[in-house]
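Heads up: the structure comes next, in structure tokens.
The values are calculated or read from the model by the stated rules, or taken from the named source; none is laboratory data. These numbers were taken from a predicted model, which means no experiment stands behind them. Here the Cβ is made from the backbone with ideal geometry for all residues, glycine too, and neighbour counts use every protein chain on show. When the accessible area is computed, the model is the full protein with side chains, heavy atoms only, and any ligands, DNA or RNA have been set aside. Shrake-Rupley method; radii C 1.70, N 1.55, O 1.52, S 1.80 Å.
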Amino acid sequence: MSAPYSSPSSEPHRSPAGEPMPADDRGISAPRTWRTAGLSEHPPAAAPAPVSSTHPPEREIRFVDFPGIEVTSTGVHTPAGTIPLDQARFFLADRTWTTRSTPGWAIALAIGGFFVVTFFSLLFLLAKDERTAGYVDVTVTGAGVSYTSSVPIASARARAEIHSRWAYAQQLAGRI
């Protein structure tokens with residue numbers, strides 16, 4: 001038995017419709033492209049949709065992005081439309097909050113250790129846990145287009161990252 005596609009066979013392969021497959025440029029007749037006209041239950045797929053004008057072409061460099069907002073070398077692209085970079089204005093509304101509390105493990109150790117080492121176990125109650133939650137709204141306006149993106153925040157690090165991205169977008173637009 002020979003390896004597939006090693007040499008042309010005397011009997012051409014047949015497509016599901018029973019039509020012989022044409023030989024390729026090397027003389028190999030194999031089912032690389034199936035002729036399924038008339039066998040498909042589904043109509044042929046439609047042509048791909050044209051690329052939306054709100055998304056940047058692939059040749060543009062993306063400098064910074066937020067959910068729904070992309071800042072490229074020539075403009076700011078949003079679902080609402082495109083804004084030239086020199087006309088873009090960025091606004092940030094920070095709607096986050098930070099809570100500080102004593103974690104459960106520290107309370108359990110303070111109570112459990114109270115019977116062993118009375119006063120030193122109370123030092124566990126000095127342990128604090130900080131949690132940041134909320135969201136940050138990033139708004140871009142200009143050239144008759146306005147778009148706001150709400151970014152959920154789950155940590156202080158994520159909040160700082162969004163603030164850094166906003167400052168960088170401001171710098172790219174020449175507003176700082």
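Computed quantities for the displayed model
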read-out: Failed item in (1) open to solvent by less than 50 Å² (accessible area, probe 1.4 Å); (2) in a strand (DSSP E or B), with ALA167 passing the rest; value: (2)
read-out: Check on ALA127, within 30 Å of GLU161 (Cβ to Cβ) and over 31 Å from the mean Cα position of the chain (by Cα); value: yes
